[in-house]
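What follows is one structure encoded as structure tokens, with my remarks underneath.
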Amino acid sequence: MSDRAVTAMGLALAAHTPSDVAVSVRPLNGRDVVWAEFTTDDRTAPLTTESSLQLARAARAARSHRLPLVIVLATSGAAIDEGIPALHAWGTVAAAMVQCSGIVPMVMLVDGPAVSGPALLLGIADLTVMTAD
């Protein structure tokens with residue numbers, strides 16, 4: 001089984017976890033990338049513990065299989081109703097992204113708000129693109 005198939009299978013299994021973030025391996029301009037994207041229609045949705053853990057899974061998969069990481073972000077910040085676990089979880093994303101630094105390219109597409117702690121993730125990426133939204 002190819003590395004891409006193994007990565008895709010692992011991310012597909014993670015996709016069954018209840019979360020507002022979908023993760024996959026997809027081609028982008030002829031190159032496979034790990035893609036993580038918020039799926040909720042609520043453009044101000046908070047970053048829940050599970051959503052953060054999905055983003056961390058995507059970053060770890062990108063690093064372990066040497067695939068670029070693309071994250072499409074739109075969040076109002078960590079879910080305050082979840083308290084400390086939500087704060088810890090977005091910190092887990094930051095740690096996973098730092099571990100990718102210098103190993104795989106990271107792109108953040110901001111397609112809505114990027115507020116509070118999760119906004120700090122933008123500074124870890126190699127390239128950040130913001131839409132008019």
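State whether one or more residues within the stretch 34-45 are touching a strand residue (DSSP E or B) at 6+ places or on another chain (Cβ under 8 Å), assigned to a helix (DSSP H, G or I) and open to solvent by 60 Å² or more (accessible area, probe 1.4 Å).
No: zero hits.
Working only within the stretch 53-70, note down all residues that are out of contact with any Cys (no Cβ under 9 Å at 6 or more places or on another chain), under 14 Å from ASP32 (Cα atoms) and not small (Gly, Ala, Ser).
Answer for the stretch 53-70, where residues must be out of contact with any Cys (no Cβ under 9 Å at 6 or more places or on another chain), under 14 Å from ASP32 (Cα atoms) and not small (Gly, Ala, Ser): HIS65, ARG66, LEU67, PRO68, VAL70.
Only one residue in ALA96, ALA74 is farther than 24 Å from ASP133 by Cα, of a type in the set (A, V, I, L, M) and within 12 Å of the chain's Cα centre (by Cα), so which one is that?
The match here is ALA96.
Return the pairs, sorted by first residue and then second, in which the second residue is open to solvent by less than 90 Å² (accessible area, probe 1.4 Å) and part of a loop (DSSP other than H, G, I, E, B), the first residue lies in the stretch 18-31 and is in contact (Cβ under 8 Å) with a residue 40 or more places away in the chain, the beta carbons are less than 8 Å apart, and the residues are 6+ apart or on different chains.
Every condition considered, the pairs that remain are VAL25/LEU67; LEU28/PRO68.
Looking at the stretch 52-133, what strands (runs of 3 or more DSSP E) fall wholly within it and have at least 1 residues that are closer than 19 Å to THR40 by Cα, open to solvent by 50 Å² or more (accessible area, probe 1.4 Å) and of a type outside the set (Asp, Glu)?
Numbers: elements: 69-75, 106-114, 127-130.
Because the criterion is at least 1 residues that are closer than 19 Å to THR40 by Cα, open to solvent by 50 Å² or more (accessible area, probe 1.4 Å) and of a type outside the set (Asp, Glu), the strands (runs of 3 or more DSSP E) in the stretch 52-133 that meet it are 127-130.
The values are calculated or read from the model by the stated rules, or taken from the named source; none is laboratory data. Bear in mind the structure is a predicted one, so any value in this text is a computation, not a measurement. So basically every Cβ, Gly included, is an ideal-geometry build from the backbone, and we count neighbours across all protein chains shown. The accessibility values were calculated without ligands, DNA or RNA, using every heavy atom of the protein model including side chains. Shrake-Rupley method; radii C 1.70, N 1.55, O 1.52, S 1.80 Å.
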